[in-house]
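Student: My questions all concern the structure below.
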Amino acid sequence: MSFSPIPVFGELRKRLSNWREDRRPETPTGPPPTESDFLRAKASLERLLLTNILPFWLPRILDEENGGFHLNHDVRGTFRGEFPKSLVGQARSTWFFARLARSPYGDRTHLDAATHGFTFLRDRMWDAEHGGFFWATDASGRTPTHLDKHLFGQAYGLYALSEYARAAADPPALALARELFLTLDGHSHDPVYGGYEEFYRRDWAPVPASEPSYMHAFAGVKQLNTHLHWMEALTEYLRLSQDPLARDRLLELILVQSNAVVRKTTGACTDRHELDWTPIDVAHARTNYGHDLENVWLLWEACDAASLPNGPLLDLYRTLFGNARKLGFDRRSGGFFYTGSPNRRADIRVKIWWVQAEALVCALLMYRITGEASYYHCFSRTLDWVLTHQADWECGDWHAVIGEDGAPAGDKATNKNGAWKTPYHNGRAVLRCLELLEPLIESDATSDDKP
């Protein structure tokens with residue numbers, strides 16, 4: 001039997017390199033950020049939005065023939081042909097263009113794109129017989145292909161309707177958002193244990209607990225990820241509607257996302273739970289750093305919308321961020337790895353586009369909250385990673401996955417958009433970070449200690 005030492009030594013070198021990286025200081029160090037740092041970050045974010053993200057998506061993804069958005073392009077932006085339309089992809093895209101239209105960087109073109117998406121959601125994906133949205137249709141939108149109802153998809157439907165109603169000042173869109181909220185709440189809210197049961201038939205009949213759902217779990221499972229985005233949707237719906245029932249439900253979701261899904265002994269969250277919020281298979285749970293960071297800043301937004309002080313949750317925010325930074329932050333190159341076992345350094349060490357997006361917002365928000373420079377340096381190093389590696393400056397938008405070798409990785413190396421990859425994560429992150437920077441720039445510019 002022959003023996004080749006090269007792969008063995010290569011793996012050893014890799015492990016040694018990772019060990020050395022893990023011995024680096026946990027917290028990025030450096031002087032406090034200055035006005036020039038804030039202005040440089042703003043310029044970088046504007047460059048990402050205006051010359052990298054937006055040119056890739058519009059007008060490329062508009063389906064002028066069938067309505068909605070084409071979400072099937074390769075890494076160079078070449079359309080691969082007709083593809084089924086998913087509620088998640090269509091709603092996320094609609095939300096982004098509506099949100100962009102409300103920003104200083106949007107214009108009528110973006111509101112028109114949001115209207116284009118809203119019309120498809122309302123006319124092709126809405127279930128006129130039973131309420132709620134279908135999970136997916138064929139490419140034309142005329143034939144539903146996945147008729148069952150999952151809270152994750154409905155959450156993005158509510159998110160898109162709420163943002164569009166706000167951007168377009170459209171009462172019918174708000175009325176549809178209210179109908180969706182009441183339908184979901186009436187059928188799936190869990191008054192015993194809190195939160196929501198996630199998976200139902202088209203007519204809202206229960207699904208057997210052993211049947212797989214659309215979200216890679218089984219019916220009867222409550223997921224952090226689903227409730228996280230339902231909380232996100234209710235946050236925006238409450239801001240728009242001031243619905244007292246929506247506020248009650250949002251307060252409940254704040255409890256869920258700040259307590260039920262948090263494992264206090266590890267400082268991380270678990271994703272899958274029984275109906276009573278007992279975590280499933282904790283021994284083999286994975287820490288998803290992107291979800292933990294996203295949970296922090298979406299909790300902040302939810303408390304703000306519900307007029308609830310964030311102070312009592314600040315220790316939790318520090319804990320979740322600190323654990324993600326300790327175990328998931330790439331101390332050598334910047335940015336965050338994907339996942340790891342609880343209390344251990346990341347072992348799936350690829351860089352996913354949406355994880356970097358959530359890290360940007362969370363780190364900058366934590367700096368805004370605390371004024372501690374370590375959070376800003378984490379934001380800055382993650383932004384540097386995105387600018388240097390994740391963003392595709394040749395073909396547009398961000399690479400979905402970057403491997404440890406710095407090159408696009410896996411099957412997603414050939415895809416630039418799809419049912420799950422839309423302008424939502426990175427577009428939302430850039431817009432939110434630009435908002436967070438503005439008061440920092442203004443405050444620093446008017447500081448009394450400036451010469």
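Student: Leaving out ligands and nucleic acids, note down the accessible area per residue over the chain with a 1.4 angstrom probe, in whole Å².
Tutor: On a per-residue basis, 41 Å².
Student: On C-alpha positions alone, give me the angle between the axis of helix 5-22 and the longest principal axis of the chain, in degrees, nearest 10.
Tutor: Between helix and principal axis, roughly 90 degrees.
Student: Let me ask something additional. Under a straight-distance cross-link criterion of Cα-Cα below 20 Å, which aspartates and glutamates are reachable from residue 416, leaving out those fewer than 8 residues away in the same chain?
Tutor: 63, 74, 82, 358, 392, 394, 397, 404, 405
Student: Given a 1.4 Å probe and every protein chain left where it sits, what share in percent of the accessible area of the chain is carbon and sulfur?
Tutor: The nonpolar share, carbon plus sulfur, comes to 53 percent.
Student: Where a Cα-Cα gap under 20 Å defines reach, which aspartates and glutamates qualify for residue 264, not counting those fewer than 8 residues away within the same chain?
Tutor: Within the straight-line limit of under 20 Å, residue 264 reaches these aspartates and glutamates: 252, 274, 276, 281, 292, 294, 315.
Student: Amide H to amide H under 5 Å from residue 133: which residues, 5+ apart in sequence or cross-chain, H placed 1.01 Å off N in plane?
Tutor: Residues meeting the amide H criterion: 127.
Student: Can you list residues from other chains, or at least 5 along the same chain, whose modelled amide H is less than 5 Å from the amide H of residue 272?
Tutor: So residue 272 has HN proximity to 224, 280.
Student: For the chain, what D do you get in µm² per second when you plug the Kirkwood radius from alpha-carbon pairs into Stokes-Einstein at 10 °C and 1.306 mPa s?
Tutor: 70 µm²/s
Student: Also, quick follow-up: Ranked highest first by average number of other Cβ atoms within 10 Å, how do 94-105, 157-168 line up? Walk me through the numbers before you get to the answer.
Tutor: Working: 94-105: 23.6, 157-168: 26.5.
Peptide ranking by packing, descending: 157-168, 94-105.
Student: Less than 15 Å apart at the alpha-carbon level, and either on another chain or at least 8 residues along: which aspartates and glutamates does that give for residue 42?
Tutor: Of all the aspartates and glutamates, those that pass the test against residue 42 - Cα under 15 Å, at least 8 places apart if same chain - are 384, 435, 438, 442, 444.
Student: Pop out the ³J(HN,Hα) list for the range 256-263 in order, Karplus 6.51 cos²θ - 1.76 cosθ + 1.60 with θ = phi - 60°, rounded to Hz; leave Gly and Pro as x.
Tutor: Once rounded to whole Hz, the list reads 4, 6, 9, 9, 4, 8, 9, 8.
Student: Which distance in Å, rounded to a whole number, links the C-alpha centroids of the range 371-392 and the range 129-206?
Tutor: 35 Å
Student: Same structure again: If we sort 244-257, 415-428 on the protection proxy, mean other Cβ atoms within 10 Å, highest first, what's the order?
Tutor: Result, highest mean first: 415-428, 244-257.
Student: Working from the pairwise distances between different alpha carbons, so that the mean of 1/r is found and then inverted, what is the range 66-142's Kirkwood radius in Å? Write down the numbers at each step before the final one.
Tutor: Working: mean 1/r = 0.0765 Å⁻¹.
Kirkwood radius, the range 66-142: 13.1 Å.
The values are calculated or read from the model by the stated rules, or taken from the named source; none is laboratory data. Bear in mind the structure is a predicted one, so any value in this text is a computation, not a measurement. All Cβ positions, glycine included, derive from the backbone under ideal geometry; neighbour counts span all protein chains shown. Each accessible area value is taken on the protein alone, full model and side chains, heavy atoms only, with ligands, DNA and RNA left out. Shrake-Rupley method; radii C 1.70, N 1.55, O 1.52, S 1.80 Å.
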